[in-house]
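This report refers to the structure that appears directly beneath it.
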Amino acid sequence: MTRIDAIIKDHQSLSVELWPPRSEEALKKLENSLSRLKELDVDFASITYGAGGTTRDRTHDLVISIKKQQKMTPMAHLTCAYHTKKELTDILRRYQDEGIENILALRGDPPVGKEADFVGGELPYAKDLVLLAKETGNFCVAVAAHPMGHPEQKDEDTEINYLMDKLEVADLVITQLFFSVEKYKAFLDKLAKRGNDKPVLPGIMPIKSMRSLETMARLTNQEVPLQIYEKILALGDDQAAIRSFGVDFATKMASDLLDIGVPGLHFYTMNETLATIEICKNLNYHTQVSS
Ligand SMILES: Cc1cc2nc3c(=O)[nH]c(=O)nc-3n(C[C@H](O)[C@H](O)[C@H](O)COP(=O)(O)OP(=O)(O)OC[C@H]3O[C@@H](n4cnc5c(N)ncnc54)[C@H](O)[C@@H]3O)c2cc1C
């Protein structure tokens, strides 16, 4: 079974986000991470894409390599910002010809510091890319959602309206990382009230350090809850203690999410899979590895 919508219908899934490596050193680190992941039964890996095509070949190559390894199903991220329709069609056709069945259709962001100059591509929004993917091939297409709000859209109802528009044509949702299960639940309730019946996979990022936490909070436009911030501050330079707190916090979040019957868990690994493995082992989640 390789369509992710079918996998999720079959069971609560486990998935990881990976980045295409940009150096030999990064490749070695990724290979180690992938090798460790054998301890878990991971359903799929989503592979990020640099907006404007900065990782075009590297994303493609990692997607194909994951497919060839036959351990997990690959999902290729693709962003429409800065691309022409023809470029996007070519990328999608190539994936279709190579038997890739899952696409995460995104708009993409301008590089940090260039936000004011942002102009979209020929396809301005992610929904336009979903439509193009559906026209081009027989893809299962996922889209992004932002339970804590999108940085460019201050009005929550408007943001949800645009998401519901995307969901008319997409098959499932993966959320931006968040720190509060209550907020995710409230977000699901709002989508359900608008009639959503598509799966919404929660995105979890285990906290590794104060620096990575602050970077992710800034990039995803959310405030770190005070109790998390204070706890990490109190741990000072003790990186091992911060990491351990991050694993415990994410384990509790994942456990609460499983309790409310989420369709699966999606981990933002930043190519370091140890924390994900620990969390899944804590919960005995996807630890029975099928041969
Ligand atoms: C799971 C996940 C994976 C990601 N992976 C990547 C990646 O690999 N590479 C990368 O560059 N980025 C990635 N991102 C970041 C993403 O590109 C940004 O969050 C981006 O700002 C929004 O993308 P979107 O697909 O939600 O865009 P859209 O759905 O197009 O929304 C973008 C903004 O436009 C508004 N909008 C939507 N439709 C309309 C309309 N018709 N008229 C007016 N306004 C509208 C929305 O309210 C929102 O504010 C990822 C995000 C998530 C959650």
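Every read-out reported here was derived from the displayed coordinates using simple, explicitly stated rules and does not represent laboratory data. Since the model is a prediction, treat every value here as computed from it, not as a measurement. Virtual Cβ from ideal backbone geometry, glycine too; neighbours counted across all protein chains shown.
Observations, loosely collected:
- Environment charge at Tyr49 (Cβ cut-off 15 Å; Lys +1, Arg +1, Asp -1, Glu -1): -1
- Segment Ala6..Leu274, full-extension length gain: 93.7 nm, with 0.36 nm per residue of separation and the alpha-carbon distance subtracted.
- At full extension, Lys29 and Glu135 could sit 34.5 nm farther apart than now, given 0.36 nm per residue minus the alpha carbon distance.
- Orientation-averaged projected area, Cα convex hull of the chain (nm²): 14.8
- Of Thr59, Thr251, Thr220, the residue with the greatest mean-square motion in the GNM of the chain, using alpha carbon springs below 10 Å, is Thr220.
- Pairs beyond 23 Å (Cα-Cα), from Lys29/Lys68; Lys67/Lys127; Lys134/Lys193: Lys67/Lys127; Lys134/Lys193
- For segment 4-283, share of DSSP beta bridges that run antiparallel, in % to the nearest 5: 5
- Residues whose amide H falls under 5 Å from that of Leu14, counting only those 5 or more places apart or on a different chain, are Asp43, Phe44, Leu265, with hydrogens built in the peptide plane.
- Fluctuation leader among Asp237, Asp61, Asp248 - the chain, Gaussian network, Cα springs under 10 angstrom: Asp237
- Magnitude of the charge dipole, the chain, Cβ model with Lys/Arg +1 and Asp/Glu -1, debye to 20: 440
- Among 198-206, 174-182, sorting by the average number of other beta carbon atoms lying within 10 angstrom of each residue, highest first, gives 198-206, 174-182.
- Helices in the chain, meaning DSSP H runs of at least 4 residues, each add -39500 (n - 2.57). Divided by all residues, the mean residue ellipticity at 222 nm is -14000 deg cm²/dmol.
- Placing unit charges on the Cβ atoms of the charged side chains and taking the dipole of segment 85-189 about its Cα centre, the candidate lying farthest along the positive direction among Val112, Pro151, Leu163 is Val112.
- Label-point gap, in nm, between Lys114 and Ser255 - each point 7 angstrom along Cα→Cβ: 4.5
- Extending 7 Å from Cα along the Cβ direction at Thr215 and again at Glu156 yields two label points whose distance is 3.0 nm.
- Charge sum, other residues only, whose C-beta stays under 12 Å from Ser35's C-beta, Lys/Arg counted +1 and Asp/Glu -1: +3
- Multiplying the residue separation of Gln227 and Glu168 by 0.36 nm and subtracting their alpha-carbon distance yields 17.4 nm.
- Take each peptide in 40-47, 66-73, 275-282, count the other Cβ atoms within 10 Å of every residue, and average; sorted highest first, the result is 40-47, 275-282, 66-73.
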